[in-house]
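Taking it in order: structure first as structure tokens, then the write-up.
Readers should treat all values here as calculations from the given coordinates under stated rules, not as data from a laboratory. If you're wondering where the values come from, they're calculated on a predicted model, not measured in any experiment. So basically every Cβ, Gly included, is an ideal-geometry build from the backbone, and we count neighbours across all protein chains shown.
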Amino acid sequence: MSDLAIRTTNLTKSYGRTTGRKTSRTTVLDGIDLSVAAGEVFALLGPNGAGKTTTVNILSTLQHPDGGSAEIFGLDVVSQAGAVRPLIGLTGQFSAVDGLLTGRENLALVAALAHLPKSEQRARVEELLERFDLGQAAAKQVSTYSGGMRRRLDLAMTLIARPRLVFLDEPTTGLDPRSRRTMWDIVSELVAAGVTIFLTTQYLDEADALADRIAVLDGGRIVADDTPAGLKRLVPGARVDLAFASASDLDRATGLWPGAHARPESLTLSVPGDGGAAHLRQILGGLESAGIEPSGLAVETPSLDDVFFALTGHGAGPVEPAGTPGTGEPDAPAGAAAPADTADPEADQGRSTDAGGRLGGGPPTSISTPDTTRKDTER
Ligand SMILES: Nc1ncnc2c1ncn2[C@@H]1O[C@H](COP(=O)(O)OP(=O)(O)OP(=O)(O)O)[C@@H](O)[C@H]1O
Ligand SMILES: [Mg+2]
């Protein structure tokens, strides 16, 4: 098996759309190349309608690509779909839980569908109910659950068969900050256990906090693919902030860099640059040669919001008219679902958005990104 959990090569997908008598095709994925190492947390970002769910559906064998190829642990998602499915789990964008069943019954159903040995099924269900803090509510009908409880149950169902790769399509959309944290903790636990995570999200702070690598999907293409720090360095605005113990140190340091901006009232100096290691070395070297010891140092980089707006140029609104959720979504965990390529013109609709620093739902607010810069180094 490959060390790569996911590899896509020139992946393409378009959907048919019928307007009156005319049928046209809308290209959603226009040649996507991605590779995700085993054990990595990979986040796919993009505005509404960018094709994140389509990508997840193709990678999780629910839809077929039109062209190109996609492999999961070296197995082709189309020709070897049957071998791919036991390795993966999917928590889809829209809940897969059955509201008429209890939490325990939902899990038991998935355990049976996943062909877990009968002797193991019961213990696994109870273990997950406990781990996801659903023990108390296990015997209650899911229709009485809160959104956060449903989402936790959804994820528990995804994990029943211990997948090596988990797809999480907007796992925390609509959750309150506490439930989001719980979800993040669960993701971290999975990663510690060696599970690879492929995440889509519109919360930039979520990608920042969880992902080793982030790709931005826009206009059918990957417009950036880097670490969170690397992405932030793509847009101008990074700087190194230095603090000094005396006005004379500040003055002397200010003379070292023509573009530097001194703030005498706080004895600080901002030196613009990319905020990378070389930039930092150059600054520290300059200070050392001049015999100046800073009392503090912080690297300030642009936020992912800045990066997103710079890369896509249209972060403030959906790329398509807003509407109700489409019907081309998975409605069962990947392990249990049959592949279904639903090129349904009726489904060509946008997605609703909510507030809280999400992409495509209006300008980012500070609700979910209270501190969009990061102090990487301080002393
Ligand atoms: N089954 C389908 N039939 C026709 N068009 C579809 C279908 N599924 C998705 N689309 C269209 O493809 C585009 C990409 O949709 P997709 O759901 O992959 O986007 P997304 O990035 O997940 O968006 P969101 O952030 O709103 O979840 C949209 O224009 C959507 O309307
Ligand atoms: Mg989606």
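Numerical summary
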item	result
Gap separating the Cα centres of the stretch 193-268 and the stretch 1-73, nearest whole Å	29 Å
Lysines with Cα under 27 Å of K118, excluding same-chain neighbours fewer than 8 positions away	K140
Summed residue charge, Cβ within 15 Å of S289's Cβ, Lys/Arg positive, Asp/Glu negative	-1
Equivalent ellipsoid semi-axes - Cα gyration tensor, the stretch 238-300, angstrom	16, 13, 10
Under-5 Å amide H pairs with V28, H placed in peptide plane, nonlocal only	K13, S14, Y15
HN-Hα J in Hz across the stretch 284-291 - Karplus 6.51, -1.76, 1.60, θ = phi - 60°, x for Gly and Pro	5, x, x, 5, 5, 4, 7, x
Zero-based 10 Å bins, Cα pair distances in the stretch 193-321, whole percents	12, 35, 23, 19, 10, 1
Surrounding net charge for S270, when Lys and Arg each add one and Asp and Glu each subtract one, Cβ distance under 13 Å	0
Modelled FRET efficiency - R0 51 Å, S24 with H261, Cβ distances, 0.05 increments	0.45
Built amide H within the under 5 Å cut-off of G67, gap 5+	T12
Amide H partners (placed H, <5 Å) of R164, local residues excluded	I88
Kirkwood hydrodynamic radius over Cα pairs of the stretch 1-89, then Stokes diffusion coefficient at 4 °C and 1.567 mPa s, in µm²/s	94 µm²/s
Per-residue ³J(HN,Hα) for the stretch 108-124, Karplus 6.51 cos²θ - 1.76 cosθ + 1.60, θ = phi - 60°, Hz, x for Gly and Pro	5, 4, 5, 4, 5, 5, 7, 6, 5, x, 3, 5, 8, 3, 4, 5, 5
Once the Cα gyration tensor of the stretch 53-197 is diagonalised, semi-axes √(5λ) in Å	26, 18, 14
Protection proxy ranking of 202-209, 276-283, 182-189 - average other beta-carbon atoms within 10 Å, highest first	202-209, 182-189, 276-283
Potential extension, R131-A245 segment - 0.36 nm per residue separation minus Cα distance	36.0 nm
All lysines inside 29 Å of K232 as judged from Cα atoms, apart from same-chain residues fewer than 8 positions distant	K52, K375
